[in-house]
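Single-structure report; data block below.
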Amino acid sequence: MIEIFSYILGFLTLIMVITAIHEAGHFYVARFFGVKILDFSIGMGKSLKTWIGKDGTSYNFRLFPIGGYVKMLGEEVLDKEEFNEQDSFVSKKYYQKVFILFAGPLANFILAVVIFTFLNLYGSSTLSSQAGYISPDSKAALVSIKEGDIILKVDGSEVETRAEAQVNLSRRLGESGVINLSIDSKGVIDEKSIPIQDWLIGEEPKDLLGSLGIGVPVTTEIGGVIKDGPAYIAGILAGDMISSINAQSISSWGQIKNIINNSAGMPIEITLIRDDKKMTKDVYPKFSNSNWIIGIASANKISENSLIYKSYSPYSAFINAVDQTYSTVIDSFIFLYKMITGYVSPKNLGGPVMIGQFAGDTILYGGLYSFLMLMSFVSIGLGVINLVPIPILDGGQICLLTIEKIKGSPISPKTLDFVYRIGLSMVIFLMIFVFINDISRLSGI
């Protein structure tokens, strides 16, 4: 019950903030150019609270706190030649109308810059680009990438964190050729080229480094023990920390898996730490599904050695925030292009349910930092989607204005009406599609 409430609260808070910022962008730029604002609304449906400003604008909080809008004088007029009010939207110059429409997405991008700047100043611990367990026979294993190696560059772009490496890899989705990685292997710099063919085309990848076989560095803590398995029989418990096997010091879960799998069934001596006390257990591996196992699972706790702390000076925080926002905007457009052309599965799209789940989880488990990070990315996403050239969206409106500018006359009311209906149908279809995607994720379909 608490989780459901947090999902709803997180979603509504996030959406209301980024929607208000988006509409405020339209509002203030329109006012700057002398356009009369008839209605500024947060939410949709019946008005719950209304007040009238000195300028005659009606300000509203509406019943359904999803979305919002700014209604400008003359904005919805189809027959523009018959409407010539001086303070109307249609009476303004081309560049003014374009900037008014672009101001909404721009406000979303500015919000992201502000949030990123604040988070950069605050600083945070994040996963480094160090490789964890390397899956046998994976693409990474085939080019001899080893656990503990540090990824310095992906296709020539420098990376420090796992997230930065993932972002650079996402640009290669659906492509063929090679992914070039610069690797620091115990102080030796090496270049690795990983061949790809239609890489993950049409799939729904969640961990791109993982798809190459590069895991996250985790501690040697045991998270689970299979009942009646070799480890269980030896008296090993969940929560135990493995410090050595056969007198060999252990620092990663990958080492544990490799030693057990290479044991050939011979007994192994495992030194554990339990309640700050050391103890030794003799364990006899058994053969199962082509591997030697002892029946333990990792607690999947991130190794502190793989975390790096990043913070910035005020100037660097701002510059980095601008770069983060710009890169995310460009990557979002690339993602949309690849999705349209079939290189990326449309199942990667998420809607209100997914956003609500992420927002709720960050409130419950991630704290303010994670929630603000999510807000910045959703804000960028809203700005990017609104710039897509679909009629009724800001990008579509800009396209229509540009067509009118090129042809030297307004588009006919009949044509505009038809185009807007098509645009509305496309948006409704997209909303239904992402909602179905969300439900499929929740149900595991």
Here the residues within region 322-346 that are touching a residue at least 12 places away in the same chain (Cβ under 8 Å), surrounded by fewer than 17 Cβ atoms within 10 Å (Cβ to Cβ), of a type outside the set (Val, Ile, Thr) and in contact with a helix residue (DSSP H, G or I) (Cβ under 9 Å, 6 or more places away or on another chain) are Ser327, Asp331, Phe333, Leu336, Pro346
Any residue at all in region 316-323 that is on the phi > 0 side of the Ramachandran plot, outside the structural domain of Asp137 (by TED's automatic domain parsing) and not hydroxyl-bearing (Ser, Thr, Tyr)?
no
Looking across region 372-422 at residues that are without any contact (Cβ under 8 Å) to a residue 60 or more places away in the chain and of a type in the set (Phe, Trp, Tyr), the single one that is farthest from Ile21 (Cα to Cα) is Phe418
Flag if Ile319 is more than 23 Å from Asp240 (Cβ to Cβ), surrounded by 13 or more Cβ atoms within 10 Å (Cβ to Cβ) and modelled with pLDDT of 95 or more:
yes
When every residue in region 368-407 that is modelled with pLDDT under 90 and more than 17 Å from the chain's Cα centre (by Cα) is compared, the one surrounded by the fewest Cβ atoms within 10 Å (Cβ to Cβ) is Ile392
From (1) crowded, with 16+ Cβ neighbours inside 10 Å; (2) over 25 Å from the mean Cα position of the chain (by Cα), pick out the condition that doesn't hold for Lys278.
(1)
Members of region 220-249 that are in a loop (DSSP other than H, G, I, E, B) and surrounded by fewer than 20 Cβ atoms within 10 Å (Cβ to Cβ)
Ile226, Lys227, Asp228, Gly229, Gly235, Leu237, Ala238, Gly239, Asn246, Ala247
Within region 125-213, helices (runs of 4 or more DSSP H) holding 2 or more residues that are over 19 Å from the mean Cα position of the chain (by Cα):
139-142
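The values are calculated or read from the model by the stated rules, or taken from the named source; none is laboratory data. All values derive from a computational prediction rather than experimental measurement. Don't worry about glycine lacking a Cβ; one is built from the backbone with ideal geometry, like all the others, and counts go over all protein chains shown.
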